[in-house]
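The values are calculated or read from the model by the stated rules, or taken from the named source; none is laboratory data. Here the structure is a predicted model, which is why all the values come from computation and not from measurement. With ideal geometry, Cβ positions are generated from the backbone for all residues, glycine too; neighbour counts draw on all protein chains shown.
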Amino acid sequence: MPPLQPPKDELPRAALADSECNKSEHEVNDKAVADRTLEILGYTAELSRNRSTWNVVFMCFILSSVPYGISTTFTYPLAGGGPANVIWGWIAVCLIILCVAASLAEITSVFPTAGGVYYQTFVLSPPWCRHIFAWICGWAYTTGQIMITLSVNFATTQFFIASLNVFEKSPGVGITDHFQAYHVFLIFLAITLVCHAIPALGNKWLPLLEQFAIFWTIAGVIAIVVCILVLAKEGRHSADWVFTNFEPQAGWPAGWSFCVGLLQASWATSATGMIIS
């Protein structure tokens, strides 16, 4: 993690307010304004900007990867409370995420540094605790990024192995049924290395990859909706059952079971915090 560098002469709030007043410049040249904002904060722009606003939107969308996030974690809300947990859990988490996204957008527009949340924590915290708060935030964010990356890669590994079982050696016996733990680990390791190599070696191609991936993500959503509608022809529950039926089956108390069911929505929408750093 790069060392924290406090802004020179604290925050020149008057200069920041002056830059906010110049709205026409913001509309004409976003890059120049971003560079100017960094200068006001006491920094020189060093990193290249190769993403437009739409690229950032695409990146956030594919990081969320709704079809993947839903399919790999669907058991949590179903066991946590059933259909009511799935629907109302998503609504509750989305409302919370909207508040988080609005706050992060406002803060990032004022402090658009590569450090992201740990730098912003440093700037906005009282002087007596800003170093420890920034340190905690930085390491918590880094640890969270590592853990969610590993969890996504491991879920991808399980998804990949399950997909291979479409090919059967004999009726009812998939080609991966004999896999041992080390087989799973090696596939997981290969996926992790590939995911690391793509941004490390092909950063300039990432915007194109994100644009390509957005269509596959939308196609995945459509495929899930169509398949569910086709399979549902065998019989549908009433609207009352869908929206009000709450049956915790995870072995936890009802309230805690509902909170566990929120993991699906919170995992799929975690890209909101990841996108600003």
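Annotations
- Residue match in the stretch 229-250 (condition: among the polar types (S, T, N, Q), closer than 20 Å to residue 77 by Cα and assigned to a helix (DSSP H, G or I)): yes
- Residue match in the stretch 260-277 (condition: free of Cβ contacts under 8 Å to residues at least 60 places away in the same chain and in a helix (DSSP H, G or I)): no
- Single residue of 210, 247 found to be among the charged types (D, E, K, R), under 17 Å from residue 82 (Cα atoms) and surrounded by 13 or more Cβ atoms within 10 Å (Cβ to Cβ): 247
- Among all residues of the stretch 79-93, there is none that is closer than 15 Å to residue 269 by Cα, at pLDDT below 85 and β-branched (Val, Ile, Thr).
- The one condition in (1) at pLDDT 85 or above; (2) in contact with a Pro (Cβ under 9 Å, 6 or more places away or on another chain) that residue 248 fails to fulfil: (2)
- Verdict on residue 156 being in contact (Cβ under 8 Å) with a residue 24 or more places away in the chain, under 29 Å from the mean Cα position of the chain (by Cα) and within 28 Å of residue 62 (Cα to Cα): yes
- Residues of the stretch 168-193 satisfying the condition of being among the hydrophobic types (A, V, I, L, M, F, W, C) and either within 18 Å of residue 65 (Cα to Cα) or in contact with a strand residue (DSSP E or B) (Cβ under 7 Å, 6 or more places away or on another chain) (or both): 175, 191
- Matching residues in the stretch 216-247 - criterion: being free of Cβ contacts under 8 Å to residues at least 40 places away in the same chain and either β-branched (Val, Ile, Thr) or touching a Lys or Arg at 6+ places or on another chain (Cβ under 6 Å) (or both): 218, 222, 225, 226, 228, 230
- Among the conditions (1) touching a residue at least 60 places away in the same chain (Cβ under 8 Å); (2) touching a helix residue (DSSP H, G or I) at 6+ places or on another chain (Cβ under 8 Å); (3) of a type in the set (Ser, Thr, Tyr), the only one that residue 121 does not satisfy is (1).
- The single condition among (1) modelled with pLDDT of 85 or more; (2) within 30 Å of residue 82 (Cβ to Cβ); (3) of a type in the set (A, V, I, L, M); (4) surrounded by 12 or more Cβ atoms within 10 Å (Cβ to Cβ) that residue 191 does not satisfy is (2).
- Residue within the stretch 134-149 that is over 30 Å from residue 39 (Cβ atoms), in contact (Cβ under 8 Å) with a residue 12 or more places away in the chain, out of contact with any Lys or Arg (no Cβ under 9 Å at 6 or more places or on another chain) and exposed (fewer than 13 other Cβ atoms within 10 Å of the Cβ) present: no
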